[in-house]
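What follows is a short report on a single structure.
Please treat every number below as a calculation from the coordinates, not as lab data. None of the values given here were measured: they were computed from a predicted structure. Every residue, glycine among them, receives a Cβ derived from its backbone with ideal geometry; neighbour counts consider all protein chains shown.
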Amino acid sequence: MNKEQLKTYYNACRFIFQNYGEDAQKRQLIQELAELIVALTKNDSENIIEEMADVQVMFDQFTLNKKCLYEKIELMQLKKVERQVNRIVEANKIEERTKGD
């Protein structure tokens, strides 16, 4: 998306969230997550793309309407990715040590 499209998208996400309210959008998010699970289970790549987009739209609605949420999510994402990278590095070190035995 270009800058103008992003601006339109963000404004629409805010508008939709404010129109329906947090409780309704939580229920919608649950529905979209369930649909993504079904698409993943069926391994239907086109449907996976569509459902991932739906889930991302719902995530964006929440984070755009709750600024503190966005910052907390970013920090948690970084923490989780760093932790997983460390796990992989440690597992590879152990694997290398056991190969030498």
For this session: Kindly provide log₁₀ I(q)/I(0) values, in the same order as q = 0.11 Å⁻¹, from the Debye equation applied to equal alpha-carbon scatterers of the chain.
Result: -0.52
Exercise. Okay, helix-only estimate at 222 nm for the chain: each DSSP H run of n ≥ 4 adds -39500 (n - 2.57), divide by all residues, round to 500 deg cm²/dmol; what do you get?
Worked result: -32500 deg cm²/dmol
Exercise. For the residues Asp54, Asp23, Asp44, what sequence is obtained by ranking on other C-beta atoms within 10 Å, fewest first?
Worked result: Asp23, Asp44, Asp54
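Cα-Cα over 20 Å: which of Lys72/Lys93; Lys7/Lys72; Lys26/Lys72; Lys79/Lys99?
Values: Lys72/Lys93 32 Å; Lys7/Lys72 22 Å; Lys26/Lys72 18 Å; Lys79/Lys99 30 Å.
Where the Cα-Cα span goes over 20 Å, the pairs concerned are Lys72/Lys93; Lys7/Lys72; Lys79/Lys99.
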Seminar exercise, completed: Of the candidates Leu75, Ala39, Asn2, the farthest towards the positive dipole end of the chain (Lys/Arg Cβ +1, Asp/Glu Cβ -1, centred on the Cα centre) is Leu75
For this session: Within 10 Å, count the other beta carbons around each residue, average over each peptide in 25-37, 68-80, and list them highest first.
Result: 25-37, 68-80
